[in-house]
Structure formats: structure tokens, C-alpha cells
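Here is the structure we will look at, set down as C-alpha cells.
The values are calculated or read from the model by the stated rules, or taken from the named source; none is laboratory data. Note that the structure is predicted; figures quoted are calculated from it, not measured. Here the Cβ is made from the backbone with ideal geometry for all residues, glycine too, and neighbour counts use every protein chain on show.
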Amino acid sequence: MDQFHNQQDETASIAPITPIGTIKKKREPLRISLPVLIICILLTGVFVFMATYVPLSLACKQEVEKAYGRFAKYEKLTEIAELYDKNYLYEVDPELLEEALVSAYVYGNGDRFSSYYTKDEWLQQLAESSGNSVGIGVYITNDPTKGLHIVQIMKDSPAQKAGLLKGDIIKKIDGEDVLTLGFDAAADKVRGEIGTVVTLTVQRGEEILSVPVTRGTYVAETVYHELLEVNGTKLGYIHITEFISEEVTAKQFKEAVTLLRNGGAEGLIFDVRDNPGGDLNAICNILDYLLPQGPIIRMSYAGSDKEETIYSHESEIDMPMIVLANENTASAAELFTSALRDYDKADIVGQTTYGKGCGQTGEMLSDGSVAFITTFLYSPPFSDNYDGIGIVPDHEAVLPEEWQTTNLFLVPHNEDTQLIKAIEVLLTQLP
């Protein structure tokens, strides 16, 4: 669900990176008369109306003048509005236009990590963060020559119940060719309302199958674990795809660590390659679980000289650890990586990370939509902020060229040179 992740949950909205940040409650609507509202629409920042004088209160006059002065520079927008007023054959849908202009403002203001969600999109995000996803429950990646490649299927999902398998390639959706539809449109077509059926034409090896899938609910999986055995030594491998929420990712992460330790793992490898980051509460909850008492994250906000620090409690996981990272490891995943190194808990294996050390705050608008804007920098417990720089690994390792553009779920362990290096380093740290 973001620009850095090369895998896509079919129930997620196509949207920029889920930001580290908080949500502010929506503001109460301003109650004014209709004539005044027509003038005060300037405050939305949509475009400047050339309006005749309407008697206003002093406060509203000041607000209108302030808004007009701010947006009067967008002359071209006024020109195009006037062209449509004079010449357009049909009527402009004001709600559709406002939605498009708001989106354009958020995405066109130079804040590369800003994002905007309509009310429905935000409700979907909330549902997913609580684990109540609706769809068929697969991770897919785009194969421009074949179709939608299923790279992982979630447990107890409609896809699993229908018999879909990892490695299947979706060729058609309800009879429509995937390559003709394009990735985004095809992924959207797989989504749908609970209880409805989507028929997928799937290639499995040389076989072509027609698989009806009844859309339903499932718990999103963001943590996958595996017990590896190397020359008689057991190692725990945990792949974290993103940090959705405490309820989803933090819970699944702790369960994975517990299962691996109970299974005899002597060390842990945390794979956050291609992880775009996620929720502040999720990452802090996980780091609190892993780290001793002390700072987790330091945050400095726009317009303030004060630094806010979040701390962990004294309980910790005390065993050798490695973090696997790459150039697509971003945001909260970078904080995870850097914090473990700051406490000398883990070495980092892989490649220099993306470099996103800034966070976004969500503001709920009057109609229930939400806009995220960059409002603060966040830094690791002790080391410097890495925004625009990234985190350099302790042990550099690169995937073989033939696997560099492949989804990580599809790379075999015995050909994953980064994982092999992580195992090699971890073994040297065992007692």
C-alpha cells in the first residue's frame, strides 16, 4: 500500500506509505448562512471565486481576505474555472471537483510523504489496522508479461479456502484479461464486498484453472516466521512485511518470537527488507518488547524546540539478533533497524536503507476524510537522524542479479545471499 513496497495486499487501498504519526479529531463544522458560506468557501483552498460583496462579520471578513491573499496567486486555476463556467457543455460535479482538487493540493505541495484518504478509504484503513480485512487474502505482485503473481496467501483466508496456492498466476478476473486491465485496475477488481464471488482464471504450472472465490474477512498477516536449522543449530527467521498496528503486527511479532524461542532458536533474524514502515504505536510496542529500559524514539516537531522521547520498560529479549535490510527498508522499519543497533542488540546485514526519518500527522477533516502531512522528525534512541541519508549496514550483502527485481517471498533461501550472510554473521555471535 505504498510506493516502496513491491508486494501488494489485494484488500489495501493504492496509497502512499502508511505514515508514522497520529490522528487528530475532526473539527466541528462552522455554522454560517448560505451567502456567507459562498464567500467563505475560499477557506477550503480549492480555488478563488470572484464574488460580489456580501455583508460579513469582521472576523469572517478577515478570514476571507486572508484566504484570498493566499490563493489569489493561482491565476491559472481561476482561468480554467472561468472557461468551464462559460463553455462547458455539461454541469461540473462540485463534490467530485472538490475531492480532486483536495487530492491535488495534498500530493502537489512538495511533501513527498503526504497522503489523503477519503472517508471510505480511511474506514478501510482502520478496518485493516484492526485486523478486520475484507477481500480474498493474498499478497500479489505484478508480472507485466504474465499477470498477477500470488506470492503469499494468508492463513484462513478466502483464497486459502478456495484452494489458491502461492506461485499461482492470475490471468483473468471474471473473464477480463489482467494484462489488458493493468495492475491497479486488476487489483481493484479482485477486491469487493463480503459474500460476493470473484472467478479467477489461474495458471498453475502448465495447467489453467478456473477458481471461484467468495470474498470474506480474514486477519491480515504481516509477520511470517520459520525455524531454520544450520549444522544442528536452530535459528529463528522472522519476516515483517510492514508495521500495521499493535493489534496486528505487534501481536503477531511477539507470538512469532515466543514460538521460535520455544522451538529452540538460539538467535533471531529479523527481515525488514522492502518493509515501508507503518504505525508509530506498533513499532514502539515491538521495540519496548525487545529493548531494555531506555529511550526508543526521539521526536522534534515543527515550530517547537522541545524534543519528545518515548521510553521502553526494563524487560527485554536477550539473545543474538541480526536485522536484514535493503534500499526499500523505510520509515518505521529503519527505526526498528537503527534502534536495535543503538543498543548493541543486533548487527545489520544487507544494503543502505531508504532514508525516511520524518513523520506525518493525520488531520481528520469535517467530512471524515483524513490528510497526513509531514510535521516532525523522529530519530533513533542515541544515533543521528537518518532522513535523506539511510542506515549503512554493518555487513553489506547484495542479492544475485537474477533475484533483484523479484518479490522476496519468491527468492529461495539457498539463493538468498543476503539471508545466507545474515546466518553466517549470526552463527559467529552464538555462545
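Data overview
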item	result
Top-ranked residue in the range 189-212 [being closer than 21 Å to Asn407 by Cβ and free of Cβ contacts under 8 Å to residues at least 24 places away in the same chain; ranked as farthest from the chain's Cα centre (by Cα)]	Gly205
Restricting the range 276-296 to residues that are in a strand (DSSP E or B) and of a type outside the set (A, V, I, L, M, F, W, C), the residue that is farthest from the chain's Cα centre (by Cα)	Gly294
Scan of the range 173-190 for residues that are farther than 19 Å from Asp143 by Cβ and touching a strand residue (DSSP E or B) at 6+ places or on another chain (Cβ under 7 Å), ordered by number	Asp174
Considering residues of the range 214-245 that are assigned to a loop (DSSP other than H, G, I, E, B) and over 22 Å from the mean Cα position of the chain (by Cα) only, the residue nearest to Asn281 (Cα to Cα)	Arg215
Conditions (1) of a type in the set (Lys, Arg); (2) touching a helix residue (DSSP H, G or I) at 6+ places or on another chain (Cβ under 9 Å); (3) not in a loop (DSSP other than H, G, I, E, B); number of the one not met by Arg273	(3)
Some residue of the range 111-124 being in contact with a Phe, Trp or Tyr (Cβ under 7 Å, 6 or more places away or on another chain) and at positive phi	no
Positions within the range 152-207 being surrounded by 15 or more Cβ atoms within 10 Å (Cβ to Cβ) and among the β-branched types (Val, Ile, Thr), in sequence order	Ile153, Ile169, Ile170, Ile173, Val178, Val190, Val198, Thr201, Val202
Members of the range 338-377 found to be of a type in the set (Gly, Ala, Ser), farther than 26 Å from Leu408 by Cβ and not in a loop (DSSP other than H, G, I, E, B), listed by number	Gly362, Ala371
Residues satisfying the stated conditions in the range 251-275, i.e. of a type outside the set (Gly, Ala, Ser) and in contact with a Lys or Arg (Cβ under 9 Å, 6 or more places away or on another chain)	Leu260, Glu266, Leu268
Test: residue in the range 283-294 that is surrounded by 18 or more Cβ atoms within 10 Å (Cβ to Cβ) and in contact with an Asp or Glu (Cβ under 6 Å, 6 or more places away or on another chain)	yes
Residue count, the range 297-337 (criterion: assigned to a strand (DSSP E or B) and hydroxyl-bearing (Ser, Thr, Tyr))	5
Filter pass, Val211 being in contact with a helix residue (DSSP H, G or I) (Cβ under 7 Å, 6 or more places away or on another chain) and either in a loop (DSSP other than H, G, I, E, B) or more than 30 Å from Ser331 (Cα to Cα) (or both)	yes
Glu363 vs. criteria among the charged types (D, E, K, R), in the same structural domain as Glu316 (by TED's automatic domain parsing), surrounded by fewer than 19 Cβ atoms within 10 Å (Cβ to Cβ) and out of contact with any strand residue (DSSP E or B) (no Cβ under 6 Å at 6 or more places or on another chain)	no
Residue list for the range 322-340, filter: touching a Gly at 6+ places or on another chain (Cβ under 7 Å) and closer than 24 Å to Pro431 by Cα	Leu324
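Here is a yes/no grid of residues against (1) within 28 Å of Thr249 (Cβ to Cβ); (2) within 16 Å of the chain's Cα centre (by Cα); (3) surrounded by 19 or more Cβ atoms within 10 Å (Cβ to Cβ):
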residue	(1), (2), (3)
Val92	no, no, no
Leu97	no, no, no
Tyr105	no, no, no
Asn109	no, no, no
Tyr116	yes, yes, yes
Leu123	yes, yes, no
Leu126	yes, yes, no
Ile136	yes, no, yes
